[in-house]
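Every number here is computed from the coordinates shown, using simple stated rules; none is lab data. Keep in mind that what you see is a predicted model, and the values were worked out from it rather than measured. Glycine gets a Cβ as well: all are built from the backbone with ideal geometry, and neighbour counts include every protein chain shown.
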């Protein structure tokens, strides 16, 4: 890199390194997700393995839910006047 932060040598941006390129070449058209789906849909695969595969694949399809903290306080107090109005409306005949 030069003094301005520009790249001056090495691989072009986006070019995989030799190990990654070799691995991709060896895999060819192999898709591990397709392989897992085939295993999970095979009737000879035990149910516990099918469930495990489907649970693992769900992480890539559906986002994980996060807990939500709610720290605000809600004021449920009722004024005397409001309480009287509520009582009147409830006990109307």
Quiz item: Looking only at the range 40-93, which residues are exposed (fewer than 11 other Cβ atoms within 10 Å of the Cβ) and in contact (Cβ under 8 Å) with a residue 24 or more places away in the chain?
Solution: 60
Practice problem: Mind counting the residues in the range 10-30 that are surrounded by 10 or more Cβ atoms within 10 Å (Cβ to Cβ) and in contact with a helix residue (DSSP H, G or I) (Cβ under 9 Å, 6 or more places away or on another chain)? | Solution: 1
Self-check item: Every residue from the range 19-40 that is part of a helix (DSSP H, G or I) and closer than 18 Å to residue 60 by Cα
Solution: 32, 33, 34, 35, 36, 37, 38, 39, 40
Quiz prompt | Number of the exception - residue 67 against (1) part of a helix (DSSP H, G or I); (2) within 21 Å of the chain's Cα centre (by Cα) | solution = (1)
